[in-house]
Amino acid sequence: MAKIFCVANQKGGVGKTTTTVNLAAGLAQVGQRVLMIDLDPQGNATMGSGVDKRQLELTVYDVLLESATIEEARVTSQKLVDAGCSYDVLGANRELAGAEVELVDVERREKRLRQAIAEVASQYDFVLIDCPPSLSMLTLNGLCCAHGVIVPMQCEYFALEGLTDLVNTIKQVHANLNKELAIIGLLRVMFDPRITLQLQVSEQLKLHFGNKVFNTVIPRNVRLAEAPSYGVPGVVFDPASKGAQAFVAFAAEMVERIKFM
Ligand code: ADP
Ligand code: MG
């Protein structure tokens, strides 16, 4: 049965999408069966996985409105198949922005995705959900299905502030909607060890959160930033780059972690 993880942080530009697509590719590369769900109307994780969001007939929007199943809506990118690390994509595009409003009046609105995933969970080892930069109904839908939350963060001063809101939301969802939910871990991303402040914040994180901080650290690496314009994750775009290697190590760390879940 799949283990389901949300990649969440209500801040934008912190590396959620980069983490989601590269972890998906890293896991696929070592033979894990992965479904990547894009829950952000920007559709960056969709495009970054080699799927053109403008050409999609069915997306996660249709799944949330129960007009399609995941089996009907999922796609794969030929580029990733050719590269030998293919994963399934439940894509998103601008249409998804409307779901927020359309779901206001429906029953069990925060559990729509959870029910849809349950139908395909036996086909995967991992389901990874890329959340939008907000604590909205969409993110709530993600948190309601997940076993754990992966929180990418840059080691900067204000990073810790935003974390409190996210941790409180996770606690509330755990208490009221999803007993299985836990923070699985904080992932330090875009890390630059030459910057003293980053080293200090990194130490503080370890002090506060102990083993909830992943061992793997993702360095700042331009190859990871270049990859999306080629429609592939960095792990596929330049496997030898420091960023790609860090994500492959992170995938291995995740495979180890789920053995104890
Ligand atoms: P989010 O999904 O949280 O908004 P993204 O994953 O889209 O964040 O990342 C924001 C920007 O930073 C993107 O342009 C991305 O390419 C870049 N980026 C992310 N991680 C790294 C990294 N480790 N090194 C260099 N650039 C990165
Ligand atoms: Mg994003």
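Miscellaneous remarks
- Near pairs, Cβ below 9 angstrom, 6+ apart or cross-chain, from segment 118-133 (under 17 Å from Ala24 (Cα atoms) and polar (S, T, N, Q)) to any residue that is modelled with pLDDT under 95 and in a strand (DSSP E or B): none
Okay, residues lined up against (1) at pLDDT below 95; (2) within 16 Å of ligand 2 (Cβ to nearest atom); (3) buried (at least 19 other Cβ atoms within 10 Å of the Cβ):
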site: Gly210; (1), (2), (3): yes, no, no
site: Val217; (1), (2), (3): no, no, no
site: Asn221; (1), (2), (3): no, no, yes
site: Gly234; (1), (2), (3): no, yes, yes
site: Phe237; (1), (2), (3): no, no, yes
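- Output for segment 87-116, where each listed residue is modelled with pLDDT of 85 or more and either on the phi > 0 side of the Ramachandran plot or touching a Phe, Trp or Tyr at 6+ places or on another chain (Cβ under 6 Å) (or both): Glu95, Leu96, Ala99
- Filter result for Lys111 (closer than 22 Å to Val173 by Cβ, in contact (Cβ under 8 Å) with a residue 40 or more places away in the chain and either of a type in the set (D, E, K, R) or surrounded by 15 or more Cβ atoms within 10 Å (Cβ to Cβ) (or both)): yes
- Residues that are within 13 Å of ligand 1 (Cβ to nearest atom) and part of a helix (DSSP H, G or I) within segment 153-173 comprise Ala159, Gly162, Leu166, listed in sequence order.
- For segment 45-64, the candidate set comprises residues that are of a type in the set (A, V, I, L, M, F, W, C) and within 20 Å of Arg114 (Cβ to Cβ); within that set, the residue that is nearest to ligand 1 (Cβ to nearest atom) is Ala45.
The rows are residues; the columns are (1) without any contact (Cβ under 8 Å) to a residue 24 or more places away in the chain; (2) assigned to a helix (DSSP H, G or I).
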| position | (1), (2) |
| --- | --- |
| Val217 | no, no |
| Glu226 | yes, yes |
| Val232 | no, no |
| Val235 | no, yes |
| Gln245 | yes, yes |
| Ala249 | no, yes |
| Ala252 | no, yes |
| Val255 | no, yes |
| Met261 | no, no |
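- For segment 11-33, a residue qualifies if it is aliphatic (A, V, I, L, M), more than 9 Å from the chain's Cα centre (by Cα) and surrounded by 24 or more Cβ atoms within 10 Å (Cβ to Cβ), and the qualifying residues are Ala25, Leu27, Ala28.
- Members of segment 163-177 that are surrounded by fewer than 20 Cβ atoms within 10 Å (Cβ to Cβ) and either farther than 14 Å from Phe209 by Cβ or without any contact (Cβ under 8 Å) to a residue 12 or more places away in the chain (or both): Thr164, Asp165, Asn168, Thr169, Lys171, Gln172, His174, Ala175, Asn176, Leu177
- Scanning segment 93-152 for residues that are among the basic types (Lys, Arg) and either assigned to a loop (DSSP other than H, G, I, E, B) or over 21 Å from Thr46 (Cβ atoms) (or both) turns up Arg108, Arg109, Lys111.
- Selection within segment 128-138 - at pLDDT 95 or above and over 16 Å from Thr17 (Cβ atoms): none
- Test result for Ile4, buried (at least 21 other Cβ atoms within 10 Å of the Cβ), away from ligand 1 (no atom under 16 Å from the Cβ) and outside any helix (DSSP H, G or I): yes
- Only listed residue being in a loop (DSSP other than H, G, I, E, B), within 11 Å of ligand 1 (Cβ to nearest atom) and at pLDDT 95 or above, chosen from Gln42, Gln32, Gln10: Gln42
- Residue, nearest to Lys242 (Cα to Cα), within segment 1-22, restricted to residues that are of a type in the set (Gly, Ala, Ser) and out of contact with any Ser or Thr (no Cβ under 8 Å at 6 or more places or on another chain): Gly15
The values are calculated or read from the model by the stated rules, or taken from the named source; none is laboratory data. Everything quoted here is computed from the prediction, not taken from an experiment. Note: ideal-geometry Cβ built from the backbone for every residue, glycine included; neighbour counts use all protein chains shown.
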